[in-house]
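Derivation of every value follows stated rules applied to the coordinates shown; laboratory data play no part. All values derive from a computational prediction rather than experimental measurement. Methodologically, a virtual Cβ is constructed for each residue, glycine included, from the backbone with ideal geometry; neighbour enumeration extends over all protein chains shown.
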Amino acid sequence: MSEQNSVPEAQGSIKIAEEVVAVVSGIAASEVDGVAGMSNSFAGGIAELLGKKSMSKGVKVELSETTASIGVSLIVNYGARIPDVAWEVQERVKRAVESMTGLDVLEVNIFVDGISIPKDEKTVPEETE
């Protein structure tokens, strides 16, 4: 099972599973213009093995008591400016996770694993003899 983070409260504690932070991160990242999708670089777990779509695909989370470090593996649309897309993903993921969980996001690392080329722009080079 995934690890959970525990936030002490006066009346008890709140536990947030890594999967929850990963889903929030995946949704926030996928909403950025220029992101074609998430990559399978980070192993998806049992949901992917069973063929179920997971919003946490391509997201790796490390939690401590009050902090989170997040890695997001992306496929970017051809023509998008990669540094701009990466920066926007970092900002949106950080803002979404902090506002929804109360955790302090220490870092959001972006891994660009590929470029998505629209089908109408794909060309097959002609062979010459």
Seminar exercise, completed: The long-range amide H neighbours of residue 116, using H built 1.01 Å from N in the peptide plane and a cut-off of under 5 Å, are 76, 77, 78
Problem set entry | Within-12-Å neighbourhood charge of residue 94 [Cβ basis; K, R +1; D, E -1] | -3
Seminar exercise, completed: residue 81 neighbourhood, Cβ < 14 Å, K/R = +1, D/E = -1, net charge -3
Exercise. Let a ≥ b ≥ c be the square roots of the eigenvalues of the Cα gyration tensor of segment 19-118; is it rounded (a/c under 1.5), or, if not, prolate (a/b larger than b/c) or oblate?
Worked result: oblate
Exercise. Where Lys and Arg each count +1 and Asp and Glu each count -1, what net charge lies around residue 70 among other residues with Cβ under 13 Å from its Cβ?
Worked result: -3
For this session: Using Cα pairs closer than 8 Å and at least 6 residues apart in sequence, work out the relative contact order for segment 19-118, in percent.
Result: 34
Exercise. What residues qualify as long-range amide H neighbours of residue 105, i.e. H under 5 Å apart, gap of 5 or more or another chain, H built at 1.01 Å from N?
Worked result: 68
Exercise. Arranged by the count of other C-beta atoms within 10 angstrom, fewest first, what order do 60, 15 take?
Worked result: 15, 60
Exercise. For residue 37, which sequence-distant residues (separation of 5 or more, or a different chain) have an amide H within less than 5 Å of its own amide H, given hydrogens modelled in the peptide plane?
Worked result: 75
Exercise. Along the charge dipole of segment 19-118, Cβ charges K/R +1 and D/E -1, which of 25, 90, 39 sits furthest on the positive end?
Worked result: 39
For this session: Sort 63, 74 so that the residue with the fewest other Cβ atoms within 10 Å of its own Cβ comes first and the one with the most comes last.
Result: 63, 74
